[in-house]
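The values are calculated or read from the model by the stated rules, or taken from the named source; none is laboratory data. These numbers come from a predicted model, not from an experiment. Neighbour counts are summed over all protein chains in view; Cβ atoms, including those assigned to glycine, are modelled from backbone coordinates with ideal geometry.
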Amino acid sequence: MGVQRLPLSGVTVVSLEQAVAAPYATRQLADLGARVIKVERPGEGDFARRYDTAVHGLSSYFVWLNRSKESLTLDLKEPRGRAVLDRLLDGADVLVQNLAPGAAGRLGLDPAALAGRFPRLVPCTISGYGTSGPWADRKAYDLLVQCQTGLVSLTGTPEETARTGVSVADIAAGMYAYSGVLTALYTRAVTGEVHPVEVSLFEALAEWMGQPAYYTEYGGTQPPRLGTRHATIAPYGAYRAADGREVLLSVQNEREWAALCADFLGRPDLTADPRFATGADRVAHRAELDAVVAGRVARSDSADVLALLRETGVACAGVNDVDAFLGHPVLAARDRWGEVSLPGGTRVRALRPPADLAGVPVRMDPVPAVGEHTEAILTELGHSPADIAALRADAVV
């Protein structure tokens with residue numbers, strides 16, 4: 001039996017990418033077998049390479065986002081560099097770019113310009129606030145978008161706001177760019193039509209704000225900021241056990257509420273208490289309810305609390321730190337860890353793609369060094385060793 005082709009084998013993606021959103025989209029295309037050629041600045045490359053040095057001297061962001069790609073260094077402002085890009089685009093299926101506002105237009109890489117020269121190419125633009133409208137010229141980073149969409153106002157404690165602990169705006173935009181490109185490729189295959197894809201960080205995260213937006217617009221006030229508590233469900237949150245560890249529990253229906261009262265709290269009478277009769281009543285009297293639950297949790301160690309809650313049928317979990325997550329038994333038992341190679345050959349653990357396709361192998365190819373594939377790609381495009389040497393000498397590549 002031969003080696004099985006990955007679903008996107010034969011698809012070539014050229015990406016003018018940096019930071020998180022576009023690299024996240026293209027890494028997922030690479031996971032499925034697409035050839036992703038990452039175009040980087042000569043010398044320094046993607047600035048995300050220097051966000052930190054946590055992974056054997058490399059950036060944790062870059063290692064996460066850039067496996068299974070080829071790195072080509074190219075000065076796009078130099079005519080010879082631009083000519084190389086055009087040669088690549090002539091044979092590519094997709095162009096993904098998250099250049100600074102207006103840069104794609106100045107380079108002639110906006111969808112309208114590309115359509116005339118490369119009619120089969122699917123262009124995907126990732127921007128901060130869209131390519132039109134009053135904020136089209138503004139740069140946008142993840143936390144700025146978290147602030148602008150109102151997410152930060154919902155995150156934290158009653159006393160203080162907080163950013164979410166991961167780059168949710170970038171991740172949301174990367175996910176929608178990924179699904180948008182897949183949709184555009186499918187449409188091109190079925191109908192022959194090419195539809196450019198555009199995603200902004202702001203609009204991607206705005207979609208994720210749908211529930212609090214409805215709650216605020218039609219309920220009259222925005223959901224309160226409650227730490228681990230839930231704005232519209234109670235009891236739902238983390239409580240500290242006798243050993244100092246936190247246990248999170250969630251009650252989402254009347255059957256679970258009755259079981260919690262009888263089997264965990266030892267207070268079946270609470271089901272008849274008018275303060276807690278319905279979900280809305282429990283939210284309205286959250287402080288009194290939390291005092292009862294917290295008092296019970298505080299009498300036992302976290303392991304005993306979790307065991308009794310599971311026996312009771314109430315959803316619960318310990319509150320892990322990242323180190324505990326890394327050793328999670330579900331990841332180990334379900335074989336979710338693979339390995340990727342870093343420049344220089346060091347191998348590190350990496351989570352396998354979360355979507356399993358039955359019978360399809362997992363691609364976990366190396367993370368590229370800056371410009372690692374430049375010579376091979378230029379040779380593939382017909383450049384001689386002398387040509388390549390000249391381009392290097394002039395810092396075009």
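Tabulated results
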| read-out | value |
| --- | --- |
| Residue identified as modelled with pLDDT of 95 or more, assigned by TED's automatic domain parsing to the domain that holds Phe62 and under 30 Å from the mean Cα position of the chain (by Cα) among Ala355, Ala350, Ala333 | Ala350 |
| Cross-chain or 6+ apart pairs with Cβ under 6 Å, segment 370-396 first and closer than 26 Å to Leu342 by Cβ, then among the small types (Gly, Ala, Ser) and assigned to a loop (DSSP other than H, G, I, E, B) | Val370/Gly45 |
| In segment 163-181, the residues that are of a type in the set (Phe, Trp, Tyr) and either outside the structural domain of Gln148 (by TED's automatic domain parsing) or in contact with a strand residue (DSSP E or B) (Cβ under 7 Å, 6 or more places away or on another chain) (or both) | Tyr176 |
| Number of positions in segment 234-252 that are in contact with a helix residue (DSSP H, G or I) (Cβ under 7 Å, 6 or more places away or on another chain), of a type outside the set (Val, Ile, Thr), closer than 12 Å to Val314 by Cβ and in a loop (DSSP other than H, G, I, E, B) | 1 |
| Criterion violated by Ala204 - all others in (1) in contact with a strand residue (DSSP E or B) (Cβ under 7 Å, 6 or more places away or on another chain); (2) buried (at least 18 other Cβ atoms within 10 Å of the Cβ) satisfied | (1) |
| Which listed residue, of Arg188, Arg255, is part of a helix (DSSP H, G or I), modelled with pLDDT of 95 or more and basic (Lys, Arg) | Arg188 |
| Candidates Ala189, Ala184, Ala242, filtered to the one that is assigned by TED's automatic domain parsing to the domain that holds Arg120, over 26 Å from the mean Cα position of the chain (by Cα) and more than 22 Å from Ala19 (Cβ to Cβ) | Ala189 |
| Output for segment 339-358, where each listed residue is without any contact (Cβ under 8 Å) to a residue 40 or more places away in the chain and not in a loop (DSSP other than H, G, I, E, B) | Glu339, Ser341, Arg347, Arg349, Leu351 |
| Residue match in segment 48-56 (condition: on the phi < 0 side of the Ramachandran plot, surrounded by fewer than 23 Cβ atoms within 10 Å (Cβ to Cβ) and β-branched (Val, Ile, Thr)) | yes |
| Check on Gln146, closer than 26 Å to Pro354 by Cα and exposed (fewer than 14 other Cβ atoms within 10 Å of the Cβ) | no |
| Odd one out for Tyr186 among (1) touching a residue at least 24 places away in the same chain (Cβ under 8 Å); (2) of a type in the set (Ser, Thr, Tyr); (3) farther than 30 Å from Ala307 by Cβ | (1) |
| Gly81 being out of contact with any Gly (no Cβ under 7 Å at 6 or more places or on another chain) and in a loop (DSSP other than H, G, I, E, B) | no |
| The listed residue being touching a residue at least 24 places away in the same chain (Cβ under 8 Å), surrounded by fewer than 15 Cβ atoms within 10 Å (Cβ to Cβ) and within 36 Å of the chain's Cα centre (by Cα), out of Gly313, Gly318 | Gly313 |
